[in-house]
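Peer 1: This is the structure, below, for whatever I ask next.
The values are calculated or read from the model by the stated rules, or taken from the named source; none is laboratory data. This structure is a prediction, so every number in the text was calculated from the model and none was measured. Cβ atoms come from the backbone with ideal geometry, glycine included; neighbour counts cover every protein chain shown. The area values use the complete protein model at the heavy-atom level, side chains included, leaving out ligands, DNA and RNA. Shrake-Rupley method; radii C 1.70, N 1.55, O 1.52, S 1.80 Å.
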Amino acid sequence: MSRRMALSAAAGAVVLAGAGAFALAHADEQPPALADSTARYTAPDKDRDGTLTFVTDVTASSGVKDVKVLAWPENSSLAKQKLTTKDMAAAESATCKPAGHDSARCTYTLTLTSSDADSSPGGLWHIAVLATAEDGSTTLDREAADFTVE
């Protein structure tokens, strides 16, 4: 084997080894994943407030930084516009508690008065969720869970 070929082969091996190490180092860096998302709506009554409770499990290899939640009615302009991560920036944050090495259980609870319920449209509502990992990666689920307002 000539010296030039040996140097080319050695350089190729270094490049391949470096690419493999890079791939392994970033293999665990996945965007956040949502699982087991549920919403429960209890309408207010004459003598008590109602609640909307949303719960989801979030997994992110770098850790969970923030989870934003927005409830929106199906018959609103949001259905046509398609929510974006920018739209979700002003949404309220869920409270997240560690549920494992790279997971968190996140809960969002909203108290609703009778006047809140009276001014809200009835029908199907969706919960949009923006999960942000510690490494800055995000996942937006526009319809993570549904509930009905009657």
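Peer 1: Cβ contacts < 8 Å: first residue more than 23 Å from L70 (Cβ to Cβ), restricted to region 92-109; second residue in a loop (DSSP other than H, G, I, E, B), any location; separation 6+ or different chain. Result?
Peer 2: D102/A60; D102/S61; D102/S62; D102/G63
Peer 1: How many residues, within region 35-64, are in a loop (DSSP other than H, G, I, E, B) and in contact with a Pro (Cβ under 8 Å, 6 or more places away or on another chain)?
Peer 2: Of the residues in that region, 1 qualify.
Peer 1: Quick one: is V64 in contact (Cβ under 8 Å) with a residue 12 or more places away in the chain and under 15 Å from T38 (Cβ atoms)?
Peer 2: So V64 does not fit the description; no.
Peer 1: Here's a follow-up. Could you tell me whether any residue of region 53-61 is under 18 Å from A145 (Cβ atoms), of a type in the set (F, W, Y), within 14 Å of the chain's Cα centre (by Cα) and open to solvent by less than 70 Å² (accessible area, probe 1.4 Å)?
Peer 2: yes
Peer 1: Restricting to region 100-115, count the residues that are out of contact with any Cys (no Cβ under 9 Å at 6 or more places or on another chain) and on the phi < 0 side of the Ramachandran plot.
Peer 2: 11
Peer 1: Select from region 86-98 the residues that are at pLDDT below 95 and open to solvent by less than 90 Å² (accessible area, probe 1.4 Å) and list them in ascending order.
Peer 2: Result: D87, A89.
Peer 1: Of all residues in region 123-150 being at pLDDT 95 or above and outside any strand (DSSP E or B), which is least open to solvent (accessible area, probe 1.4 Å)?
Peer 2: Among those that are at pLDDT 95 or above and outside any strand (DSSP E or B), it is S137.
Peer 1: Just to be sure before I move on: is L34 touching a strand residue (DSSP E or B) at 6+ places or on another chain (Cβ under 7 Å), within 21 Å of A144 (Cα to Cα), open to solvent by less than 50 Å² (accessible area, probe 1.4 Å) and at pLDDT 95 or above in the structure I sent?
Peer 2: It is true that L34 is touching a strand residue (DSSP E or B) at 6+ places or on another chain (Cβ under 7 Å), within 21 Å of A144 (Cα to Cα), open to solvent by less than 50 Å² (accessible area, probe 1.4 Å) and at pLDDT 95 or above.
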